[in-house]
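The values are calculated or read from the model by the stated rules, or taken from the named source; none is laboratory data. Everything numeric in this text was worked out from a predicted model, so none of it was measured. Glycine gets a Cβ as well: all are built from the backbone with ideal geometry, and neighbour counts include every protein chain shown. For the accessible areas, the whole protein counts, side chains as well, though only heavy atoms, and no ligand, DNA or RNA atoms are used. Shrake-Rupley method; radii C 1.70, N 1.55, O 1.52, S 1.80 Å.
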Amino acid sequence: MAVLAAFDYTAIADRPGNQLISSSNNVSAERTGINTLLERMQLQSGGRGRELYLPDLVEFLVTSSGHGQVYILYDSLFESLTTTVKRVSEMSYFSIYKYNGSLLPLKSDLWSFKHREYLRIVIVICQSARTLNIFKQVTALKMETPSIFWIVVLDHDVTQELLEIIREGVQIAVALKTSDVKYRLMTSYINREDNTALRQAGSWWWTPLQGPRHFLKAPLYLSPKDAYRDFGGRKLRSSVVNNWPFFEVTKDEVSGAVRPRSGIDFHVLGTMAEKLNFTYELLLAEDGQWGGVLPNGTVTGMVGMVARREVHFAINEITITGPREVVVDFTQPYFLEASTLISPAPAEKNRAFAVFSPFTAEVWFVISAATLAVGPVLWMVSQMHNKFTGFSVRYSQSLSTCAFNMFRSLVVQGNRIEHRQWSLRFILFAWFFFCYVVYALYAGTLTAMLASPSYEKPIDSLWDLLEAIKHEGYMLNVVFQSANEFVFKEATQGIYKELWDVFDPSVGYVHSWTEGVEKVLTGKFSYMNAQLGAEIRALRLGRHRFHFARNSFYPQRYGMALTSGAPFKEEFDRVLLQLTAAGLVDKWTRDELASVRRDGRATEGPAGDEGPGAITLVHLQAAFFLLVLGCAVSAIVLVGERLAAAMLPRQRGKGCGGVGSDGENNAYVGEKKNE
């Protein structure tokens with residue numbers, strides 16, 4: 001039983017509280033027996049009476065407790081041992097502390113990373129009154145943990161007082177002196193009435209002729225894994241809130257008893273109770289909350305009941321979070337899911353102006369701007385053609401005529417402007433193609449919209465929610481003192497922080513999952529909830545009345561909250577792992593969903609969206625690009641015509657020959673300009 005060197009003596013000698021008298025420094029050497037060390041102490045100190053057989057008793061207690069690191073805690077009753085321990089400290093592989101009224105130094109070593117073994121054995125050899133004080137500090141400092149095993153050597157019977165002090169999680173063996181050289185050996189356990197008790201484990205005695213003798217009918221140390229494999233029909237207490245589909249409960253108005261009805265966690269807890277042989281009693285959290293740690297240190301809700309040890313555990317869709325893990329222990333997660341946003345189903349858009357609905361405002365603006373601009377552009381190109389080429393355009397049109405005919409092309413698919421110049425033809429071709437795209441998109445979208453109603457834009461992400469809060473008057477709802485509140489409240493940057501900055505506590509808090517879902521139907525509220533619970537509650541109230549965000553976020557892990565240092569955590573973890581690996585948790589989830597549909601209250605309706613085929617600016621990019629390209633090509637052709645006109649000999653008088661602007665011989669397309 002090698003023991004890690006906690007400190008060297010010079011470093012600890014002046015510290016208050018426990019004083020480290022001896023500490024192993026040579027952990028690679030072979031262990032020197034505790035018996036040998038204490039015998040040398042006894043011989044050098046000239047001890048009598050109890051110190052004559054104390055080395056044998058201590059060595060027996062340690063060797064009977066399994067493999068672990070040993071810490072010996074004693075008081076002034078054995079002051080004569082101090083000097084001897086110092087002289088032989090180089091031979092020891094365990095740490096010896098003198099108790100001076102405080103356990104803080106010992107706790108610091110026990111909670112450090114200096115120990116090599118998981119199990120740490122603390123042997124307490126102190127006066128009875130000081131022993132009781134030691135375990136009062138164990139309770140106050142929350143030193144209950146399965147990794148520490150306490151062995152107490154008592155000269156006087158104070159076991160009843162000791163049992164009233166210690167709580168579950170303190171594993172203890174007692175060596176009670178019954179005669180000058182005989183000790184009764186007892187170990188602690190939790191009885192069916194949920195009280196800490198001691199049971200007989202054996203006896204130890206010492207004779208001058210035969211030396212140490214012992215009789216054991218049960219082991220002094222029983223690992224939590226073995227001790228809690230069977231609870232022996234013990235009744236455990238659990239805190240709950242009424243939270244279907246995970247744990248639906250009812251309260252008997254006569255007796256006040258809380259009775260389970262259904263739910264996923266109800267099946268989980270029932271299966272665990274059957275496998276580990278325990279019964280359970282349910283207690284409702286008075287505030288109806290899941291709970292957490294407040295800034296003043298108060299712990300609320302179900303988690304608070306576990307932290308104060310009013311119950312042994314809590315199970316009811318409890319998310320594992322960092323602040324909660326400070327005050328309670330959690331089992332491994334047995335259920336994983338993400339959160340979602342629930343908002344009112346998008347309302348159907350007003351059809352009074354359905355004729356404008358196929359296009360967004362931006363699209364209408366682009367169409368209007370293009371219609372107003374293409375006529376003047378056509379007119380300007382024709383004027384530039386006259387100026388640069390020296391040939392006037394036959395059928396030259398005025399600015400108003402060009403503008404009106406471009407509008408005419410858009411609305412009635414007709415045009416009375418005739419041009420044979422390629423610079424003008426390219427503009428007209430691009431404009432006609434642009435109009436064709438607008439016809440096709442508008443007609444198809446309007447037909448679909450009139451056949452099927454369109455809806456307002458839904459909230460599909462946290463960014464959508466932020467925009468809806470800022471511009472549409474929406475409000476975020478979360479359950480008070482829940483993990484969903486925590487994710488916003490503790491955020492220091494990003495979208496969670498931005499949402500928390502605009503959160504209004506006066507209307508944003510709800511006190512149950514059901515209240516949050518129902519509040520969505522009363523106005524512009526968006527409620528954050530776990531996916532499964534939100535889906536089932538929406539099915540009960542009418543699925544078509546809600547919209548679920550398409551994007552999920554904040555994955556949550558659900559576990560059972562246990563008291564700090566709960567020794568049965570390992571067994572709970574083992575059973576939960578078996579349930580999840582066997583697929584039973586998933587089966588119970590499907591069963592709860594199926595039960596809602598069997599009730600006939602699950603109604604479906606149209607899902608909200610932005611409307612069928614709603615056209616945005618992106619849809620017209622290709623046509624608009626072609627229109628601009630046509631204008632650019634027209635400018636290039638115009639420059640070509642200007643160069644061609646400069647190279648042709650000018651002819652005087654009426655009549656004309658040669659090559660026209662369209663490239664055909666003897667095809668008159670223009671008239672010589674009057675000088």
Completion exercise
Leu336 fails exactly one of (1) farther than 22 Å from Arg167 by Cβ; (2) open to solvent by less than 60 Å² (accessible area, probe 1.4 Å); (3) aliphatic (A, V, I, L, M), namely (2)
Problem - Test for Ala370: is it among the small types (Gly, Ala, Ser), open to solvent by 20 Å² or more (accessible area, probe 1.4 Å) and at pLDDT 65 or above - result: no
Completion exercise
Picked from region 51-76 (must be assigned to a loop (DSSP other than H, G, I, E, B) and farther than 19 Å from Leu216 by Cα), the residue modelled with the highest pLDDT is Asp75
Practice task
Tell me, please, whether a residue that is of a type in the set (Asp, Glu) and under 20 Å from Val328 (Cβ atoms) can be found in region 141-148.
Solution key: yes
Practice task
Report yes if Tyr554 is assigned to a helix (DSSP H, G or I), over 24 Å from Ala594 (Cα atoms) and within 15 Å of the chain's Cα centre (by Cα), otherwise no.
Solution key: no
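Within region 139-152, does at least one residue satisfy the condition of being of a type in the set (Gly, Ala, Ser), under 27 Å from Arg213 (Cα atoms) and not in a loop (DSSP other than H, G, I, E, B)?
The answer is no; no qualifying residue exists.
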Practice task
Output the residues belonging to region 521-533 that are hydrophobic (A, V, I, L, M, F, W, C) and closer than 10 Å to Met475 by Cβ.
Solution key: Phe525
Fill in the blank from the handout: Note on Arg213: of the conditions (1) touching a residue at least 12 places away in the same chain (Cβ under 8 Å); (2) part of a strand (DSSP E or B); (3) over 12 Å from Pro567 (Cβ atoms), unmet is (1)
Completion exercise
The condition from (1) closer than 30 Å to Arg237 by Cβ; (2) open to solvent by 20 Å² or more (accessible area, probe 1.4 Å); (3) small (Gly, Ala, Ser); (4) over 45 Å from the mean Cα position of the chain (by Cα) that Ala140 misses is numbered (4)
Exercise for the section: Taking Leu176 as the residue in question, decide whether it is in contact with a helix residue (DSSP H, G or I) (Cβ under 8 Å, 6 or more places away or on another chain), surrounded by 18 or more Cβ atoms within 10 Å (Cβ to Cβ) and either at pLDDT below 90 or under 24 Å from Lys217 (Cβ atoms) (or both). Expected result: yes
Problem - Where Ala538 falls short, out of the listed (1) over 25 Å from Val327 (Cα atoms); (2) in contact with a Ser or Thr (Cβ under 9 Å, 6 or more places away or on another chain) - result: (2)
Exercise for the section: Working only within region 172-210, note down all residues that are farther than 30 Å from Val575 by Cβ and not in a strand (DSSP E or B). Expected result: Asp180, Val181, Pro208, Leu209, Gln210
Exercise for the section: Take Thr298 and decide whether it is touching a Lys or Arg at 6+ places or on another chain (Cβ under 6 Å) and either within 26 Å of Thr580 (Cα to Cα) or not hydrophobic (A, V, I, L, M, F, W, C) (or both). Expected result: no
Exercise for the section: Restrict the check to region 240-259 and report whether at least one residue is crowded, with 16+ Cβ neighbours inside 10 Å, touching a Ser or Thr at 6+ places or on another chain (Cβ under 7 Å) and part of a strand (DSSP E or B). Expected result: yes
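Run down Val363, Val303 and say which single residue is outside any strand (DSSP E or B), surrounded by 19 or more Cβ atoms within 10 Å (Cβ to Cβ) and at pLDDT 90 or above.
Unique residue meeting the criteria: Val303.
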Problem - Positions within region 260-272 being open to solvent by less than 10 Å² (accessible area, probe 1.4 Å) and not β-branched (Val, Ile, Thr), in sequence order - result: Gly263, Asp265, Leu269, Met272
Practice task
Name, by its number, the condition in (1) modelled with pLDDT under 90; (2) closer than 23 Å to Val328 by Cβ; (3) of a type in the set (S, T, N, Q) that does not hold for Thr563.
Solution key: (1)
